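First the structure, in the form of structure tokens, and then the observations on it.
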Amino acid sequence: MKVKKNIATSEEGFIFNPSTGDSFSTNNIGTEIILALKQDKTVSEIVQEMCGKYDVEPTLFERDLDEFMTLLKEFNILEQG
Amino acid sequence: MKKLVIGVTALNAVDSPGPGVAVIRAIRESKDFEVRIIGLAYEAMEPGLYMHDLVDKTYQIPYPSGGTEPLMARLEYIQEKENMDLIIPNFDAELFNFIKLQDKLLAMGIRTFLPDLDQLESRDKMKLAGFGKKNGFLIPEEHYLHEHIELKRMESDLKYPVVVKGKYYDAIVANSFDQVEKAFQKIQAKWGLPIILQEFIKGTEINIAALGDGEGNTISVIPMRKLYITEKGKAWAGVTLDDELLLDLGRKFIKATQWRGGCELEVMLTSAGKPFILEVNPRFPAWIYLTAAAGQNQPAALVKMAMGEKLTPFETYDVGKIFIRYAWDLVTDITEFQKISGNGEL
């Protein structure tokens with residue numbers, strides 16, 4: 001799953017979609033996930049990386065990540081397909 | 001560098017603003033020419049009249065409903081004093097007169113850069129649906145009502161919500177037949193008949209400012225999403241977008257019409273990504289300064305083309321540039337008001 005090429009993100013978690021004019025803000029974890037997606041990391045790579053970095057159960061994180069990705073798709077931030 | 005003398009109308013920078021002040025601001029920002037700006041105003045309370053850092057001198061001109069003769073007489077008087085090189089009209093309602101007069105104005109040394117009457121009519125509210133069909137643009141379905149009885153006949157066929165629109169201005173979204181009738185009467189009282197019933201399209205409101213050279217080329221096109229909309233439906237804040245679909249729509253419109261001058265496409269972009277054209281305004285929009293701020297100064301480009309320069313289309317602009325309009329109390333003296341309302345000049 002890839003973030004659309006033209007999506008602008010800032011280190012503070014601000015996301016701007018220049019095609020639609022929509023803007024969003026996310027917390028530090030969301031910012032890290034979007035950055036990882038921008039670097040073409042797979043979902044399992046992200047899970048591994050985040051669970052290594054933070055004290056979180058992989059199954060719990062996977063569920064939250066899935067929910068977050070659904071939101072990103074809904075907001076047209078991810079490539080379709 | 002020769003100072004260009006440019007007449008500009010629509011100085012009514014009010015809550016539903018005319019584009020004049022924004023056009024002047026953009027022109028003054030160009031480093032390619034120096035200008036003296038002549039304001040052409042209809043009413044003494046147009047705020048632009050009193051903005052002396054933008055407008056050098058203002059003359060009152062007769063209302064468009066008076067026709068071309070009184071306008072021409074007034075412009076002859078102004079021209080004797082000001083020697084204008086160019087006039088940029090910015091109101092829909094005055095364009096017909098200025099287009100009709102463009103040859104006479106040129107003979108006086110005043111250039112314009114306007115669409116012709118056929119182009120002007122092609123995007124008229126009453127003809128937009130036919131134009132869309134012919135050229136492959138998506139236009140909401142419309143019905144024109146020339147008398148109230150026609151509305152009664154349609155009662156069982158109406159789907160809600162529906163947009164009730166006036167011939168020139170105003171649009172009300174109605175959710176029941178009762179609301180449609182009220183809107184019909186309200187708009188009829190203000191703008192007369194016919195009333196337009198337009199299919200309601202749900203989506204994101206986008207406006208596109210485009211500038212054509214009259215030969216089918218788009219010199220500039222910038223889409224803007226409204227971020228804050230006033231009760232009158234005007235953009236009070238907006239952001240420039242980067243969407244090839246919208247840029248293509250602007251270019252396609254300019255090509256299909258061979259549009260000469262500035263125009264604004266009012267678009268509703270559905271969640272399925274279909275751009276419906278709701279209206280086409282035959283002049284720069286009030287938010288036109290954003291094009292200059294984003295790197296494509298459309299009013300300055302129009303000035304250059306009007307003065308005979310051939311331009312190549314702009315290629316880039318800043319995406320994510322935001323404008324936020326604000327209200328500001330300009331303080332002036334009663335003598336200023338007296339000059340314009342008494343002498344018709346300021």
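The values are calculated or read from the model by the stated rules, or taken from the named source; none is laboratory data. All of these numbers come straight from a predicted model, not from anything done at the bench. Note: ideal-geometry Cβ built from the backbone for every residue, glycine included; neighbour counts use all protein chains shown.
Table: residues versus (1) of a type outside the set (D, E, K, R); (2) under 22 Å from B:ASP170 (Cβ atoms); (3) surrounded by 13 or more Cβ atoms within 10 Å (Cβ to Cβ).
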| site | (1), (2), (3) |
| --- | --- |
| B:VAL23 | yes, no, yes |
| B:GLU29 | no, no, yes |
| B:ARG36 | no, no, yes |
| B:TYR50 | yes, no, yes |
| B:SER65 | yes, yes, no |
*Number of the exception - B:LEU246 against (1) outside any helix (DSSP H, G or I); (2) out of contact with any Gly (no Cβ under 7 Å at 6 or more places or on another chain)*: (1)
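Residues to consider are A:ILE29, A:ILE15; find the one that is within 30 Å of B:GLY203 (Cα to Cα) and under 11 Å from the mean Cα position of the chain (by Cα). Let's see the steps before the verdict.
On the way: A:ILE29 fails: within 30 Å of B:GLY203 (Cα to Cα).
Result of the check over A:ILE29, A:ILE15: A:ILE15.
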*Among what's in segment B:305-324 and is surrounded by 19 or more Cβ atoms within 10 Å (Cβ to Cβ) and away from chain A (no Cβ under 14 Å), pick the residue that is nearest to B:LEU247 (Cα to Cα).*
B:PHE314
*How many residues, within segment B:168-185, are exposed (fewer than 15 other Cβ atoms within 10 Å of the Cβ) and in a helix (DSSP H, G or I)?*
3
*Qualifying residue in segment B:119-129 (condition: in a helix (DSSP H, G or I) and over 22 Å from the mean Cα position of the chain (by Cα))*: no
*Find the strands (runs of 3 or more DSSP E) located wholly in segment B:25-109 whose residues include 1 or more that are of a type in the set (A, V, I, L, M) and under 18 Å from B:ASN12 (Cβ atoms), and list them.*
B:34-41, B:86-88
*Selection from segment B:152-166 of residues that are buried (at least 16 other Cβ atoms within 10 Å of the Cβ) and of a type in the set (A, V, I, L, M)*: B:VAL162, B:VAL163, B:VAL164
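For segment B:7-21, what are the residues that are buried (at least 19 other Cβ atoms within 10 Å of the Cβ), of a type in the set (Gly, Ala, Ser) and either free of Cβ contacts under 8 Å to residues at least 60 places away in the same chain or within 28 Å of B:TYR228 (Cβ to Cβ) (or both)?
Within segment B:7-21, B:ALA10, B:ALA13, B:GLY18, B:GLY20 qualify.
Tell me, which helices (runs of 4 or more DSSP H) lie completely within segment B:249-342 with 2 or more residues that are among the aliphatic types (A, V, I, L, M) and either within 30 Å of A:PHE75 (Cα to Cα) or modelled with pLDDT of 95 or more (or both)?
Working: elements: B:289-293, B:298-306, B:334-338.
Ranges flagged: B:289-293, B:298-306.
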_Candidates B:LEU101, B:LEU40, filtered to the one that is under 16 Å from B:GLY344 (Cβ atoms), touching a residue at least 24 places away in the same chain (Cβ under 8 Å) and surrounded by 17 or more Cβ atoms within 10 Å (Cβ to Cβ)_ = B:LEU40
*asked:* So for segment A:37-45 (the condition being modelled with pLDDT under 95, surrounded by 15 or more Cβ atoms within 10 Å (Cβ to Cβ), more than 14 Å from chain B (Cβ to nearest Cβ) and more than 30 Å from B:THR316 (Cβ to Cβ)), does at least one residue qualify?
replied: yes
*asked:* Among the residues of segment B:236-266, what is the count of those that are buried (at least 21 other Cβ atoms within 10 Å of the Cβ), under 30 Å from B:ALA327 (Cβ atoms) and either within 14 Å of chain A (Cβ to nearest Cβ) or among the hydroxyl-bearing types (Ser, Thr, Tyr) (or both)?
replied: 5
*asked:* Residues that are of a type in the set (Asp, Glu), over 18 Å from B:VAL163 (Cβ atoms), within 12 Å of chain A (Cβ to nearest Cβ) and not in a strand (DSSP E or B): does segment B:214-221 have at least one?
replied: no
_Among the candidates A:THR70, A:THR9, A:THR31, residue that is under 30 Å from B:PRO223 (Cβ atoms) and within 14 Å of chain B (Cβ to nearest Cβ)_ = A:THR9
_Residue pairs meeting the criteria (Cβ under 6 Å; at least 6 apart or on separate chains; first without any contact (Cβ under 8 Å) to a residue 24 or more places away in the chain and farther than 18 Å from A:THR31 by Cβ, in segment A:41-63; second of a type outside the set (Ser, Thr, Tyr) and surrounded by 11 or more Cβ atoms within 10 Å (Cβ to Cβ))_ = A:PRO58/A:VAL47; A:PRO58/A:CYS51; A:GLU62/A:VAL47
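Please specify each residue of segment A:12-28 satisfying the condition of being of a type in the set (Gly, Ala, Ser) and within 14 Å of chain B (Cβ to nearest Cβ).
Taking segment A:12-28 first, the residues of a type in the set (Gly, Ala, Ser) are A:13, A:19, A:21, A:23, A:25.
Hits for segment A:12-28 are A:SER19, A:GLY21, A:SER23.
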*asked:* Whether any residue in segment B:171-185 is in contact (Cβ under 8 Å) with a residue 24 or more places away in the chain and closer than 27 Å to B:THR257 by Cβ is what I want to check.
replied: yes
